[in-house]
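Report on the structure given below.
What follows is calculated from the coordinates using simple rules that are stated; it is not laboratory data. Keep in mind the model is a prediction, meaning the values are calculated, not measured. All Cβ positions, glycine included, derive from the backbone under ideal geometry; neighbour counts span all protein chains shown.
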Amino acid sequence: MSAFDRLLAGSSGSAAPSGSSQTSNDPSSPLQPLNKAEKRFVELSRRRTNALSDAKGTARWWKFLEVLRKTDPVSEETIAVQLRCLLCQTELSASNESRIATSHLRNAGCSKVKASPDLALAVLAAFAA
């Protein structure tokens, strides 16, 4: 079970206080402490989901990006989080997602946006919120 699945499974019960860690005294508990990369993956996934369902249309550029989790093949632990452009399949840094989206999509870093004027207009509309 992935950390994201463990987090979702734990959300059906009582919510833990915001400052508490996700640990349990029961060793058979599916909740284990999330490492930094897993927390970042969960947070970015939540942001993307919220942005895509937002009726106001803020941060519509998320529809062009997906959140990727890079895992260690041996331990299955998340070691890095990246963004993938759904247009050109380029993997991008997830350090500052809005800056990355702007530089890759709006400033014509994406090869598909450069090649298609119609797509460029759609991308620009996603930033005009």
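Filter the stretch 85-124 down to residues that are of a type in the set (D, E, K, R) and touching a Gly at 6+ places or on another chain (Cβ under 9 Å), then give me how many there are.
As a first pass, look at the stretch 85-124 and keep what is of a type in the set (D, E, K, R): 91, 97, 99, 106, 112, 114, 118.
In the following step, the residues that additionally are touching a Gly at 6+ places or on another chain (Cβ under 9 Å) were identified as none.
The qualifying residues number 0.
Okay, residues lined up against (1) within 20 Å of residue 110 (Cα to Cα); (2) of a type in the set (Ser, Thr, Tyr); (3) in contact with a Lys or Arg (Cβ under 7 Å, 6 or more places away or on another chain):
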{"site": "44", "(1), (2), (3)": "no, no, no"}
{"site": "48", "(1), (2), (3)": "yes, no, no"}
{"site": "56", "(1), (2), (3)": "no, no, no"}
{"site": "71", "(1), (2), (3)": "no, yes, no"}
{"site": "85", "(1), (2), (3)": "yes, no, no"}
{"site": "88", "(1), (2), (3)": "yes, no, yes"}
